Structure formats: structure tokens, C-alpha cells
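Here, each number is a calculation from the coordinates, and none is a lab measurement. Predicted model only: the values in this text are computed from it and were never measured. Here the Cβ is made from the backbone with ideal geometry for all residues, glycine too, and neighbour counts use every protein chain on show.
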Amino acid sequence: MPELVGRLAYKRSFSAEEFARLQRGLLPEQMEDKWFIVWQDDALWCHRSWTGLCVYCLRFAEDDGRHVVSEALANRDPKQYGASDEHDLGTLDYLLTSFLAYAARFR
């Protein structure tokens, strides 16, 4: 993640099972896979698979048995990535929803 980041107002919580899936991450297996996701240093890092550039970083807090996003950062270095908060909120939500649906097939 570059020094230039923006905080996203991303609100979402995950069950213990979903959180465990997120922590297992996602490694790209073919050229069409656009993301890789890794759990490291108590955070979820979302990178573009072709460039390796980090686009999102999420940190979590536990609340009443659920894992709540406590911080969501987005890459704002214009030489690496360019998008608006609105675009990133939709992309991040789609990315996590799709990843969890995909990961659920391989429990």
C-alpha cells in the first residue's frame, strides 16, 4: 500500500465462518483472475493480480460474535490506481461478496 491512501466509509460485518474464509485468502489460478487476497499483519489485503499493486486494506474488530470492518483503506496514488470512493465502495463490496460465495463452494 502506498503512503497516499484514503479512508472508505465501508460498513460490513461477517460471521465467524465468513471471517475464517476471508483469512484463508484467494490466490489467482488463471489469467482471468483479477485479484489476490491475503491475510497478513491482522489485516485483509486486496491486490490486483496482474500488477501486484495493493488496492484495499481492511482491518476488523470483533463485536458480539461478528467481525466488523473497523477500517477500510484504498490506494489513492494516481500513478498506481485511480477511482472514487463511490466506485471503491461498490467494487469492494462486490469483491468480498463474490469471494465469499466462491470460497463457500470449497468448505
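Give me the Kirkwood hydrodynamic radius of segment 33-94 in Å, from all C-alpha pairs, to one decimal place?
Radius from the Kirkwood sum: 12.5 Å.
With the charge dipole of the chain set up from +1 on Lys and Arg Cβ and -1 on Asp and Glu Cβ about the Cα centre, the Cα lying farthest toward the positive end among the listed residues PHE14, LEU53, LEU26 is that of LEU26. Separation of segment 9-29 and segment 31-71, taken as the distance between their Cα centroids, equals 8 angstrom.
For the chain, the calculated P(r), taken from all Cα-Cα distances in 5 Å bins from zero up to the bin holding the longest distance, is 2, 12, 23, 26, 21, 11, 4, 1, 0 percent. Per residue of the chain, the DSSP helices (runs of n ≥ 4 H) give a summed -39500 (n - 2.57) that works out to -9000 deg cm²/dmol at 222 nm. Mean separation of Cα pairs under 8 Å and 6 or more residues apart, divided by the residue count, gives segment 5-104 a relative contact order of 30 percent.
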